[in-house]
Amino acid sequence: MKNLINRRNFIKAGAGIFLTGAGFFAGCGRVDSENDSEIDGDLEAKYLRQIVSADSSNSRTLMWQVDSVSENPAVEVKIKNSHEVLKITPENSTFTDDGAENIQYTARIENLIPGTEYEYRIVDGKNATDFHALKTSSGEKFKAIIFPDSQCADYNVWGEVARTAFEKNPDAEFFLNLGDIVDNGEDKNQWQAWLDKVAGNISEIPFAPVIGNHETYTRDWKVRLPAAYLNYFAVPENGSENFSRHYYSFDFGAVHFAVLDSQWDEIEKFKPGIVEEQKKWLRSDFEKSRKNWKIVFIHKDVLQYRINGRPERKEGFSDVGEIFMPEFEKIGADIVFTGHLHTYRNRGRLKNFRPDESGPVYILTGLSGDVRYPGLWVDHKLDKITAPQPETDNYLTLEADEKILTVKCFLPDGKKIDEIILNKEKV
């Protein structure tokens with residue numbers, strides 16, 4: 001009976017929103033019944049992807065590209081195994097970068113039912129894709145996959161790490177990448193290679209990206225704003241006039257996630273002020289959240305490592321750490337995940353720049369591409385667990401409910417090299 005009630009509520013809600021002209025379904029055109037007899041051709045929606053929304057229990061963002069402008073593009077959404085569909089008109093989000101026009105569409109789906117399995121497809125006239133899964137968060141226990149830096153010379157390496165992680169974790173409900181998604185942010189071929197390797201996954205579960213420094217590089221290795229990143233991933237808005245979608249937050253289950261931009265060295269000459277803006281936003285954002293767990297993702301690491309052969313470089317804290325670690329403590333972050341150094345290190349809990357069981361857990365996530373730095377870093381005194389050396393690829397899983405949060409780190413062969421378990425009662 002529950003599925004029947006959900007289906008009726010879904011149709012009723014969609015129809016009501018259409019009639020009032022408010023909310024997402026305004027302009028959808030109509031509430032329709034699925035009729036595959038009208039479809040007589042296949043539609044290729046390239047790089048079809050789900051992107052996290054601010055609340056993954058009731059909304060989702062879909063994006064895709066096509067080779068030529070669509071005449072009548074739409075998204076059809078229905079509860080799994082039902083026959084009533086809602087037809088949603090996307091916006092044209094076409095952009096030009098690296099000398100190529102990317103004909104792209106973006107659809108934001110709202111007013112969905114928590115904990116419900118949906119199906120969606122892209123249609124254009126009489127052509128359509130296959131149906132793909134879309135599951136909203138139930139607000140209960142979930143699993144996510146966390147990938148460290150995936151930049152590659154050969155994206156087959158990234159593809160193999162991703163394939164293994166998804167095969168071993170078919171119950172993952174979303175995945176995240178800690179930045180340096182690609183090696184060169186302007187190179188369209190790298191973005192296409194990255195997206196191709198997760199084509200069967202990113203269309204079925206949402207993706208949460210983080211900006212890394214490599215997202216800001218031009219083809220001739222100068223610095224620019226992260227244009228391709230911002231166009232490929234329509235993450236939730238943050239209310240910023242100058243740094244729209246550079247940083248954002250979202251809820252999933254019992255966790256509130258904040259994703260920050262650590263690239264002020266790269267973008268400051270184009271748009272100054274992102275550090276203070278993010279600090280103010282982060283305080284306000286976490287104060288408004290009532291979720292039991294609070295997690296931060298930021299690309300550049302909080303520690304500074306000595307480098308073999310460079311005695312002048314001292315062990316300590318990076319500018320990211322000096323600026324934001326006090327903020328993470330004030331806002332009550334439970335875990336801070338970082339990347340950038342291509343090595344896995346668990347530092348445990350830190351507060352006031354030293355070990356303290358009342359501070360956040362800091363995890364440097366490693367790498368999931370083929371850019372490795374064997375023997376480069378000298379162990380930091382705050383490192384508690386380090387990946388086996390010489391460094392290889394790895395990925396992490398995160399599982400959380402109201403009381404228990406578990407992070408595990410795995411090598412591509414499935415060997416677990418670390419596990420962190422946090423336990424607390426709901427405040």
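Just one of the listed residues (369, 375, 332) is under 22 Å from the mean Cα position of the chain (by Cα) and within 20 Å of residue 150 (Cα to Cα), and it is 369. Say whether the condition of being closer than 16 Å to residue 180 by Cβ, in contact with an Asp or Glu (Cβ under 8 Å, 6 or more places away or on another chain) and open to solvent by 20 Å² or more (accessible area, probe 1.4 Å) is met by at least one residue in region 228-241. No, there is no match, as no residue in region 228-241 is closer than 16 Å to residue 180 by Cβ, in contact with an Asp or Glu (Cβ under 8 Å, 6 or more places away or on another chain) and open to solvent by 20 Å² or more (accessible area, probe 1.4 Å).
How many residues are crowded, with 19+ Cβ neighbours inside 10 Å, closer than 30 Å to residue 290 by Cβ and out of contact with any helix residue (DSSP H, G or I) (no Cβ under 8 Å at 6 or more places or on another chain) if we restrict to region 37-56? Residues flagged as crowded, with 19+ Cβ neighbours inside 10 Å, closer than 30 Å to residue 290 by Cβ and out of contact with any helix residue (DSSP H, G or I) (no Cβ under 8 Å at 6 or more places or on another chain) within region 37-56 amount to 4. For residue 345, the criteria (1) part of a strand (DSSP E or B); (2) open to solvent by 10 Å² or more (accessible area, probe 1.4 Å) hold in every case but one, which is (2). Going by what's in this entry, would residue 228 be described as among the small types (Gly, Ala, Ser), closer than 19 Å to residue 50 by Cα and outside any helix (DSSP H, G or I)? So residue 228 fails the test. Looking across region 146-171 at every residue that is crowded, with 23+ Cβ neighbours inside 10 Å and in contact with a strand residue (DSSP E or B) (Cβ under 8 Å, 6 or more places away or on another chain), the one that is nearest to residue 192 (Cα to Cα) is identified as 150.
Scanning region 244-285 for residues that are among the aliphatic types (A, V, I, L, M) and either open to solvent by less than 10 Å² (accessible area, probe 1.4 Å) or closer than 21 Å to residue 173 by Cα (or both) returns 254, 255, 258, 259, 260, 267, 274, 282.
Give me the pairs, please: first residue somewhere in region 191-219 and of a type in the set (Asp, Glu), second residue anywhere and assigned to a helix (DSSP H, G or I), beta-carbon distance under 6 Å, and either six or more positions apart or on two chains. So the pair list comes out as 215/229.
For region 242-277, residues that are in contact with an Asp or Glu (Cβ under 8 Å, 6 or more places away or on another chain), over 19 Å from residue 324 (Cα atoms) and not in a loop (DSSP other than H, G, I, E, B) total 3.
When 426, 416 are screened for being modelled with pLDDT under 95, more than 20 Å from residue 297 (Cα to Cα), out of contact with any Pro (no Cβ under 9 Å at 6 or more places or on another chain) and open to solvent by 60 Å² or more (accessible area, probe 1.4 Å), only 426 passes. For residue 202, the criteria (1) among the aliphatic types (A, V, I, L, M); (2) more than 24 Å from residue 341 (Cα to Cα); (3) open to solvent by 10 Å² or more (accessible area, probe 1.4 Å) hold in every case but one, which is (3).
Residue 313: free of Cβ contacts under 8 Å to residues at least 24 places away in the same chain and either part of a helix (DSSP H, G or I) or open to solvent by 30 Å² or more (accessible area, probe 1.4 Å) (or both), yes or no? Talk me through it step by step, then tell me what you get.
Working: free of Cβ contacts under 8 Å to residues at least 24 places away in the same chain: yes; either part of a helix (DSSP H, G or I) or open to solvent by 30 Å² or more (accessible area, probe 1.4 Å) (or both): yes.
Yes.
Residue 294 meets all of the listed conditions (1) of a type in the set (D, E, K, R); (2) over 24 Å from residue 180 (Cβ atoms); (3) in contact (Cβ under 8 Å) with a residue 60 or more places away in the chain; (4) touching a helix residue (DSSP H, G or I) at 6+ places or on another chain (Cβ under 9 Å) but one, namely (3). Only a single item in (1) open to solvent by 10 Å² or more (accessible area, probe 1.4 Å); (2) in contact with a Gly (Cβ under 9 Å, 6 or more places away or on another chain); (3) among the hydrophobic types (A, V, I, L, M, F, W, C); (4) without any contact (Cβ under 8 Å) to a residue 60 or more places away in the chain is not met by residue 77, and it is number (1).
The values are calculated or read from the model by the stated rules, or taken from the named source; none is laboratory data. Owing to the predicted nature of the structure, the values given are computational and were not obtained by experimental measurement. As a convention, Cβ positions derive from the backbone with ideal geometry for all residues, glycine included, and neighbour counts pool all protein chains shown. Calculation scope for accessible area: heavy atoms of the full protein, side chains included, ligands and nucleic acids excluded. Shrake-Rupley method; radii C 1.70, N 1.55, O 1.52, S 1.80 Å.
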